[in-house]
Amino acid sequence: MSWFQKLFGRKPAEPIQPEVTQNADGSVSTSYSFTLDGGSMRPVADEVVEALDDALGRYGDVVHAVDPTRMLDFDAGGPPVWSVGTVVVDHEGQKYRLFLTYGFSSVLSPSDFRADYSHEYSIAVPVDDEADVPAWPAALLRHMTRYVLTTRADLRVGDNIPLPGPITRVAFSPEHHASMPDSVLDNLLVGPDPLLGSIDTPRGSVEVRRLVGLRAEELRFVQQWNGEAFFRCMQAVRPDMTCELDRGSLLEEPDFSGPASAGRDADGSSLGVLYCEGGWTTTPEGGHRVHLPGGADAAQIRAVLEARLPFGRSLLLRGPPELGPVEFRPAEAFGIGLDGQRLVFEGQLDDPQLQAVLAAVDPSGTGGTINIG
């Protein structure tokens, strides 16, 4: 039985699919069919909608991107949020469009299902033409909130999210990718919204969490440091925290890279689990064989270890399900052992025996293997 069935006694419904009709004049008509009853309707607190409209309305006219099935609750096949509101913000002559979810939280959509959530999500993009409202930001917000509601893996402040493609395309099926802009940003970082912060409503406060896009090398830097600290450092040089789709790397900007590198060196890494193509198996002889990746994964393992072991923090490597996890723990003396399903290496980075193990973590190679016992 799934978590959803345990909580609510029924499986979440599949999203309502539209019926698409090709008209004689070449146009296309899209229609949705569904049945509403008391148990399937989405609860909506109108006074909270008004409070969010007022918060966005301080900056301009609010436009709502709505899903035709939004009257249906999520577990009845409706969308994850009631709406996505958007407004053009003019900050010191620089304009950007801000998108905000309405109804991810239980404050706006009061139900036991959303009781754990009192926040909404936002994303901002630069404006070239105020009349042009890009489709991908609202789609991305819906995509990420659907992920949270389906998995119950909340997107917290400081969390980073690797994506399988550009932030502009990940919410769409492959046949629609060509119609969406490309981007060098293929990861997300979560932080407090620098403009809205927290919105007071008649039903309680709504925290707003901003999603901002990261390049691949920036994500690796976040993993070597701390997501919240990285977000603050980024905000110091880019106060609006917009997603500029073709921007250069923050790590090449001295105003960012200097303070960020100093912070990383002083704080170490807060990342306790690193996912990679590595792990261990049992050999036919009863020993253990450890597989460790090469290339960029190897470089990142080494970098994160250097930002954790000297600070007294362990690092767990998780890989494919057929491989057991490998953990590196700080200790005065070198050692190897099993802790449940984890194969544990203990020691410090300057220990010759641990260095011999880490020789298999070779950024210049394709991966290495260590046989134990």
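Assorted remarks:
- Under the criterion of Cα pairs below 8 Å and six or more residues apart, the relative contact order for the chain equals 10 percent.
- By DSSP, the beta bridges lying fully in the stretch 215-343 are antiparallel in about 70 percent of cases.
- Dipole in debye (nearest 20) - the stretch 273-372, about Cα centre, beta carbon charges: Lys, Arg +1; Asp, Glu -1: 180 debye
- Dividing the radius of gyration of the alpha carbons in the stretch 273-372 by their Kirkwood radius gives 0.93 for Rg/Rh.
- Relative contact order [Cα under 8 Å, 6+ residues apart], the stretch 273-372, whole percent: 33 percent
- Averaging 1/r across all pairs of distinct Cα atoms in the stretch 71-125 and inverting the result yields a Kirkwood radius of 12.4 Å.
- Listed residue (Val44, Ala115, His176) projecting farthest to the positive dipole end of the chain, Cβ model: Ala115
- Take every DSSP beta bridge whose two residues both sit in the stretch 273-372; close to 70 percent of them are antiparallel.
- Distances between placed amide hydrogens fall under 5 Å for Ile199 paired with Val206, Glu207, Val208, all partners being 5 or more residues away or on another chain.
- Legend: Rg and Dmax of the stretch 114-167, from Cα coordinates, 13.2, 39 Å.
- One equal scatterer on each Cα of the chain, no solvent, Debye formula: the resulting log10 I(q)/I(0) at q = 0.06, 0.11, 0.13 Å⁻¹ is -0.29, -0.90, -1.13.
- Dipole size of the chain about its Cα centre, with +1 on Lys/Arg Cβ and -1 on Asp/Glu Cβ: approximately 1020 debye, rounded to the nearest 20.
- Here the Gaussian network model covers the chain, with springs between Cα atoms less than 10 Å apart; of Leu245, Leu358, Leu155, Leu358 fluctuates the most.
Readers should treat all values here as calculations from the given coordinates under stated rules, not as data from a laboratory. Values in this document were obtained by computation on a predicted structure and should not be read as measured data. Here the Cβ is made from the backbone with ideal geometry for all residues, glycine too, and neighbour counts use every protein chain on show.
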